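Written below as structure tokens is the structure these notes are about.
The values are calculated or read from the model by the stated rules, or taken from the named source; none is laboratory data. Just so we're clear, the structure is a prediction, and the values are computed from it rather than from any experiment. In this analysis, Cβ positions are derived from the backbone assuming ideal geometry, glycine residues included, and neighbour counts consider all displayed protein chains. We work out accessible area using only protein heavy atoms, side chains counted, and drop any ligands, DNA or RNA first. Shrake-Rupley method; radii C 1.70, N 1.55, O 1.52, S 1.80 Å.
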Amino acid sequence: MDARAGVALGHRRLAIVDLTVEGSQPMHSPSGRYVIVFNGEIYNFQELRAELPGIPWRGHSDTEVLLAGFDRWGIHAMLQRCSGMFAFAVWDRRERHLTLGRDRFGEKPLYYGCQGRRLLFASELKAFQKLPGFTAEIDRSALATFIQHGYIPAPYSIYQGIRKLLPGTILQIVPERLPEFENPLSYWSLENAVSASALDPFRGSREEAIAELEIMLRRATRQQMMADVPLGAFLSGGVDSSTIVALMQAQSGVKVRTFSIGFHEESHNEAPYAAAVAKHLGTDHTEFYVSSTEALAVVPRIPEIYDEPFADSSQIPTYLVSQLARQHVTVSLSGDAGDELFGGYDRYAFVRRIAERLAPIPSSLRRLGGNLISGIPPRAWNMAIQAMRLNRLQRRVHVSGDRAHKLAEILRYSRPEDIYYRAISLWDSHDNPALGAVGHKTSANAKNVWTHIPDLTHRMMALDMSMYLPDDILVKVDRAAMAVSLETRVPLLDHRVVEFVWRLPLGFKVREGVAKWILRQVLYRYVPPALIERPKMGFGVPIGPWLRGPLRPWADELLREDRLLQDGFFSAELIRQRWREHLSGDRNWQNQLWPVLMFQAWLK
């Protein structure tokens, strides 16, 4: 509390390191100049502590080391030395200003804004709802962006005037200048890291790159295993999570606790693969098979868990595996970011193939082809595809009527970046049902973003790392885990690993059609390929059939025509049409309807 400045900081802690009173917050720096509230972990704090001799340490928390570093080197320079995930607010009692900061990749959330001359900041939007007089006006441009992507990218939020601090930045706030804000100052950026990698590419052999990557991943994993509470890991049996678990077990003197959930629907069940990997590595493995009833019970809780509208349907199994892990541990490592770092998404190969094949075709012929494809109803496409699956073409047909119609839309675009934007959009930008605004400008729809990267696949990966990863993947995991008081950590996002991987040629990541090639080579030093090699499955649930079945009464209520008209956020006619087509089975509109349902549930 600084009564003269009218500043008060509050904090509620999930204690992970230094469980004593000496680790409590708000905490003062050794000089007394800085007062901080801090959420997250500094993984290399012990190394940094060794570089700060002469400090009269009170405890052994990373927060105390962070503050001592602020005293010694300043906030900006200290953050450049840190490896971690965090969001914080620190009050400078001498200079009388507040600094907000966020980790390099946005693993931890931080919202801020101003209403009148009152500054608001918190790690959760729901905290603002507790403030007397808080005005919660929907940002319709953010809503349109949400419908397009299923999440709201930083710096925007669902509320007008409330922003998310961009990853890798700090924001200095002077109370006397409110309600004006300076632009956030970057202490690390993906764009700079990518540019630096082009100037200093890796020039060694593949074998040297594999060895270096293994060393870096072992170090990152070892640092992130630091905790004064029980620790484990999520394990799906895929490349990413299996690599992290293998490196954990190789550096642990006890069996690592691993967790996976299974589904009785075979098309969505990865549990047997996870169990096989766990058995080979010798982990203490726990799996839990979830019934559709148990999964569906999570749906009403989603608006509370995610604070603002969020529509990645794998949020459901993510919450369930977090709930399972929390029964045994307080910290869990995950394999997230492997797809973005090592080219793992199928859409990279799909868009690249389409862009290369379309390049020599005149735009007029592309549009004609698109019109011909879209002129055949999806149900007719499905019947034709099913017929092909019954003959020799079975293994070569991996499309559906809905995918054929999406391809028809893609044929109308000429720039590869526009093709990719459509591929990652849930709705075509021309039929977005959100009323009253168009979506915000983002790194996904802005022209000439990442164009300095010569290779298309690397451009797509950079785009995903700058928006999809921090605003969808990391949000999904962090909010689901924190809802059950579980801390999650992502070793693949150690910034030194990221910088090294970006220096590698694309051929080390995607080789002869095999994605994550170099990561696989590290993993195969611990796990035989036969346990890993299989088609990519993803971590999802059958939302489409559920909406026609057990979720239908819930969805019917949220999509009532009178409710849509009264709320005034969506085109009721368009939404009702898509809902009827989905229920009839003529189309599978689950990806388009889920964000609408998530907003309606959140609004309610």
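Taken together, the residues in the stretch 205-237 that are over 22 Å from residue 85 (Cβ atoms) and at pLDDT below 95 amount to 1.
Within the stretch 84-109, the residues that satisfy the criterion of being in contact with a strand residue (DSSP E or B) (Cβ under 7 Å, 6 or more places away or on another chain) and either polar (S, T, N, Q) or without any contact (Cβ under 8 Å) to a residue 60 or more places away in the chain (or both) are 84, 86, 88, 90, 92, 99. The C-beta contact set for the stretch 480-495 (first residue under 14 Å from residue 465 (Cβ atoms), second residue acidic (Asp, Glu) and assigned to a loop (DSSP other than H, G, I, E, B), distance under 6 angstrom, 6+ apart or interchain) comprises 490/336. Restricting 442, 457, 451 to residues that are part of a helix (DSSP H, G or I) and polar (S, T, N, Q) narrows the list to 457.
Scanning the stretch 219-250 for residues being open to solvent by 50 Å² or more (accessible area, probe 1.4 Å) and in a loop (DSSP other than H, G, I, E, B) gives a total of 2.
Selection of the stretch 145-164 for residues being in a loop (DSSP other than H, G, I, E, B) and either aromatic (Phe, Trp, Tyr) or more than 17 Å from residue 306 (Cα to Cα) (or both) yields 151, 156, 160, 161.
Set side by side, the residues 546, 554 differ, and just one is out of contact with any strand residue (DSSP E or B) (no Cβ under 7 Å at 6 or more places or on another chain), open to solvent by less than 50 Å² (accessible area, probe 1.4 Å) and of a type in the set (A, V, I, L, M, F, W, C), which is 546.
Remark: residue 515 matches the filter, which requires a residue to be within 29 Å of residue 321 (Cα to Cα) and surrounded by 20 or more Cβ atoms within 10 Å (Cβ to Cβ). Please work out which residue is farthest from residue 433 (Cα to Cα), limiting yourself to the stretch 512-553 and to residues that are modelled with pLDDT of 95 or more and of a type in the set (Phe, Trp, Tyr). That would be 526.
Table: residues versus (1) in a helix (DSSP H, G or I); (2) open to solvent by 40 Å² or more (accessible area, probe 1.4 Å).
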residue	(1), (2)
293	yes, yes
311	no, no
317	yes, no
323	yes, yes
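Taking the conditions exactly as written (at pLDDT below 95, within 30 Å of residue 573 (Cα to Cα) and over 22 Å from the mean Cα position of the chain (by Cα)), does residue 432 satisfy them or not? Here the answer is yes, as residue 432 does meet what is asked.
Do we have any residue at all in the stretch 376-383 that's at pLDDT 80 or above and under 33 Å from the mean Cα position of the chain (by Cα)? No, that holds for no residue. Restricting the stretch 169-218 to residues that are basic (Lys, Arg), part of a helix (DSSP H, G or I) and free of Cβ contacts under 8 Å to residues at least 40 places away in the same chain, the residue that is most open to solvent (accessible area, probe 1.4 Å) is 177.
Would you check if there is a residue in the stretch 116-124 being open to solvent by 10 Å² or more (accessible area, probe 1.4 Å), more than 26 Å from residue 485 (Cα to Cα), at pLDDT below 95 and assigned to a strand (DSSP E or B)? Yes, that holds for at least one residue.
Yes or no: the stretch 54-72 includes at least one residue that is at pLDDT 95 or above and open to solvent by 10 Å² or more (accessible area, probe 1.4 Å). Checked against the condition, which is being at pLDDT 95 or above and open to solvent by 10 Å² or more (accessible area, probe 1.4 Å), the stretch 54-72 yields at least one hit. Condition check for residue 128 on (1) crowded, with 20+ Cβ neighbours inside 10 Å; (2) in a loop (DSSP other than H, G, I, E, B): one failure, at (2). The requirement of being closer than 21 Å to residue 472 by Cα, more than 17 Å from the chain's Cα centre (by Cα) and outside any helix (DSSP H, G or I) is fulfilled somewhere in the stretch 295-302, by at least one residue. Cβ-Cβ contacts under 6 Å between residues 6 or more apart (or on different chains), taken from a first residue in the stretch 117-131 that is farther than 21 Å from residue 175 by Cα to a second residue that is in a loop (DSSP other than H, G, I, E, B), are listed as 124/307; 125/307; 125/308; 126/307. For residues in the stretch 103-146 being of a type in the set (Phe, Trp, Tyr) and under 16 Å from the mean Cα position of the chain (by Cα), which is nearest to residue 160 (Cα to Cα)? If we take residues in the stretch 103-146 being of a type in the set (Phe, Trp, Tyr) and under 16 Å from the mean Cα position of the chain (by Cα), then 146 is nearest to residue 160 (Cα to Cα).
In the stretch 422-473, the qualifying residues are those that are in contact with an Asp or Glu (Cβ under 8 Å, 6 or more places away or on another chain) and acidic (Asp, Glu), and the one that is farthest from residue 576 (Cα to Cα) is 464.
Scanning the stretch 256-280 for residues that are open to solvent by less than 30 Å² (accessible area, probe 1.4 Å) and either of a type in the set (Gly, Ala, Ser) or touching a Ser or Thr at 6+ places or on another chain (Cβ under 9 Å) (or both) turns up 256, 258, 259, 260, 262, 263, 270, 271, 274, 277, 278. Residue count for the stretch 272-323 under the criterion of being aromatic (Phe, Trp, Tyr) and more than 29 Å from residue 248 (Cα to Cα): the result is 2. With the requirement that a residue be at pLDDT 95 or above and either over 21 Å from residue 233 (Cα atoms) or part of a helix (DSSP H, G or I) (or both), what does the stretch 281-291 give you? Listed by number, the list holds a single entry, 281. Against the definition (open to solvent by 70 Å² or more (accessible area, probe 1.4 Å) and among the small types (Gly, Ala, Ser)), how does residue 530 come out, yes or no? So residue 530 fits the description; yes. Screening the candidates 458, 495 for the property of being within 26 Å of residue 330 (Cα to Cα), open to solvent by 10 Å² or more (accessible area, probe 1.4 Å), over 14 Å from the mean Cα position of the chain (by Cα) and modelled with pLDDT of 95 or more yields one hit, 495. How about the stretch 20-53: which of its residues are buried (at least 21 other Cβ atoms within 10 Å of the Cβ) and of a type in the set (Gly, Ala, Ser)? Those that are buried (at least 21 other Cβ atoms within 10 Å of the Cβ) and of a type in the set (Gly, Ala, Ser): 29, 40.
Residues considered: 594, 602. Of these, the only one that is in contact with a Pro (Cβ under 6 Å, 6 or more places away or on another chain), hydrophobic (A, V, I, L, M, F, W, C) and assigned to a helix (DSSP H, G or I) is 602. Please go through the stretch 158-168 and give me each residue that is more than 17 Å from residue 470 (Cα to Cα) and open to solvent by 50 Å² or more (accessible area, probe 1.4 Å), ordered by number. Across the stretch 158-168, the qualifying residues are 160, 161.
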